[in-house]
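Participant: If you scroll down you'll find the structure; I have some questions about it.
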Amino acid sequence: MRVLRTRDELQAALAETPRPIGLVPTMGWLHDGHRSLMQRSRADNATTIASIFVNPRQFIEAADYQRYPRNETRDLAICEEEGLDFVFAPGVEEIYPPGFDTTVAVGAVARPLEGAARPGHFDGVATVVAILFDLVGAEHAYFGQKDAQQVMVIRQMARDLAIGTEVVTCPTVREPDGLALSSRNVHLSPSERAAAPVLQRALLAARDRWAAGERSGDALRATMGDVLAAEPLATPAYVSVADGRTLAELDRVPDDGPVLLSLAVRFGSTRLIDNELLG
Ligand code: AMP
């Protein structure tokens, strides 16, 4: 496995590598969710490259960026274990050199939910992923369903900018108690960690009501809200029942089309998200 630090090193290395190439973009502090993306890429491609870059432009609060967990030595050992060919781990100035002055802003699908709660977040995501897609020129790139809106934003961006990389979504990997793996889980206190599976419990309660025939968006949102309200350490930011293609909030849930149940919840200063796709 080779660790590449600069755009030039990256492009020189990839010029000679067997194709197809699979790209796994990450912000490091790797866990089994990231491993599952790497494994999928290894199965699909002749070459797999992960990127490790804590992207300052997608953080809304400087303090959140500063405290994002980092451990490159451990991350590289995980990439090696997963049999990756390359890791691209650039410094901030390599991605955003002095004078950098472009933002990629995706439209409607980036506006609600995480886009409303964290203005500018998806501009930062779309900008860095556009750079990575362009530099790597991969046939496939792998993302987690855990960040469902992020995948939709990236797919829209790649389509609109005519980038030939196919965006592949991989299932959410969870702890045995249902908590979705996330680099941010490390910030939870023991009591917050014990409470955090309430996110998936709320989603599954709404899914059960939907399976039993409930089609009112408000009723399904209330179901999620009630489950969260029973957990004193959880402060909900939003609960959503939205069209799985446009993310528009639904009054009535259709019987056929995809529906995305999603939520964001704070535990102290740690904010967690999760979702469940219906239909
Ligand atoms: P991050 O390092 O948090 O930016 O995540 C990098 C990629 O891993 C993104 O595509 C995430 O959606 C994905 N990912 C994060 N957590 C999980 C998880 N629990 N299961 C599957 N994929 C995940």
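The values are calculated or read from the model by the stated rules, or taken from the named source; none is laboratory data. Since the structure is predicted, the reported quantities are computational estimates derived from the model, not experimental observations. Cβ coordinates were reconstructed from backbone atoms using ideal geometry, including for glycine residues, and neighbour counts include every protein chain displayed. The protein model used for the area step is the full one, side chains on, heavy atoms only, and it has no ligands, DNA or RNA in it. Shrake-Rupley method; radii C 1.70, N 1.55, O 1.52, S 1.80 Å.
Participant: For GLY244, enumerate residues with amide H under 5 Å from its amide H, sequence gap 5+ or separate chain, H modeled in the peptide plane.
Facilitator: It is VAL259, LEU260, by chain and number.
Participant: One quarter of the convex hull surface, Cα atoms only: what value does that give for region 140-199 in nm²?
Facilitator: 4.7
Participant: Nearest 5 percent is fine: what portion of the DSSP beta bridges confined to the chain is antiparallel?
Facilitator: For the chain, the DSSP antiparallel bridge percentage is about 50.
Participant: Right, another one. So who's got an amide H within less than 5 Å of the one on VAL3, skipping anything under 5 residues away but keeping other chains? H placed 1.01 Å off N, in plane.
Facilitator: Here the answer is VAL87, since their amide H atoms fall under 5 Å of that of VAL3.
Participant: Pop the C-beta distance of VAL3 and ALA230 into the FRET formula with R0 = 41 Å and round what comes out to the nearest 0.05.
Facilitator: The computed FRET efficiency comes out at 0.30.
Participant: Shape verdict for region 152-266, please, from the Cα gyration tensor: rounded (a/c under 1.5), prolate (a/b greater than b/c) or oblate.
Facilitator: Oblate is the answer for region 152-266, as a/c is 1.5 or above yet b/c matches or exceeds a/b.
Participant: Local charge sum around GLY279 (other residues, Cβ-Cβ under 10 Å, Lys/Arg +1, Asp/Glu -1)?
Facilitator: Net of charged neighbours comes to -2.
Participant: Taking only the alpha-carbon positions of region 26-180 and ignoring solvent, what does the Debye formula give for the base-10 log of I(q)/I(0) at q = 0.10, 0.11, 0.13, 0.17 Å⁻¹?
Facilitator: -0.35, -0.43, -0.62, -1.12
Participant: Put one equal scatterer on each alpha carbon of the chain, apply the Debye formula with no solvent term, and list log10 I(q)/I(0) at q = 0.09, 0.11, 0.13, 0.16 1/Å to two decimals.
Facilitator: -0.43, -0.65, -0.90, -1.32
Participant: On each of the three principal axes of the Cα atoms of region 74-138, give max minus min coordinate, whole Å, ordered largest first.
Facilitator: 39, 30, 22
Participant: What fraction of the DSSP beta bridges in region 129-257 is antiparallel, stated in percent and rounded to the nearest 5?
Facilitator: Among the beta bridges of region 129-257, antiparallel pairing accounts for roughly 40 percent.
Participant: From the backbone phi of region 254-270, what are the Karplus-calculated ³J(HN,Hα) couplings (6.51 cos²θ - 1.76 cosθ + 1.60, θ = phi - 60°) in whole Hz, Gly and Pro given as x?
Facilitator: Values, residue by residue: x, 6, 9, x, x, 10, 9, 8, 8, 7, 10, 9, 9, 10, x, 9, 9 Hz.
Participant: I'd like the Karplus ³J(HN,Hα) series for region 186-192: coefficients 6.51, -1.76, 1.60, θ = phi - 60°, whole numbers in Hz, and an x wherever there's a Gly or Pro.
Facilitator: 3J(HN,Hα) across region 186-192, in whole Hz: 4, 7, 6, 5, x, 6, 5.
Participant: Can you list residues from other chains, or at least 5 along the same chain, whose modelled amide H is less than 5 Å from the amide H of ASP274?
Facilitator: LEU263
Participant: If you don't mind, another one. For region 1-84, report the translational diffusion coefficient in µm²/s to the nearest whole number, using Stokes-Einstein at 37 °C, 0.692 mPa s, and a Kirkwood Rh over Cα pairs.
Facilitator: 238
Participant: Per residue, how much accessible area does the chain show when a 1.4 Å probe rolls over the protein heavy atoms, in square angstrom?
Facilitator: For the chain, the solvent-accessible area averages 44 Å² per residue.
Participant: Can I ask one more? With a 1.4 Å probe and all protein chains left in place, how much of the accessible area of the chain comes from carbon and sulfur atoms, in whole percent?
Facilitator: 50
Participant: Read phi for every residue in region 14-22 and hand back ³J(HN,Hα) as whole Hz from Karplus 6.51 cos²θ - 1.76 cosθ + 1.60, θ = phi - 60°, with x for Gly and Pro.
Facilitator: 6, 4, 10, 8, x, 10, x, 9, x
Participant: Further, regarding this structure: Just subtract the alpha-carbon distance of GLU166 and THR102 from 0.36 nm times their residue separation and send over the number in nm, one decimal.
Facilitator: Working it through step by step, the gained length comes to 20.7 nm.
Participant: Using +1 on the beta carbon of Lys and Arg, -1 on that of Asp and Glu, and nothing else charged, what's the dipole of the chain about the Cα centre, debye to 20?
Facilitator: I would put it at about 300 debye.
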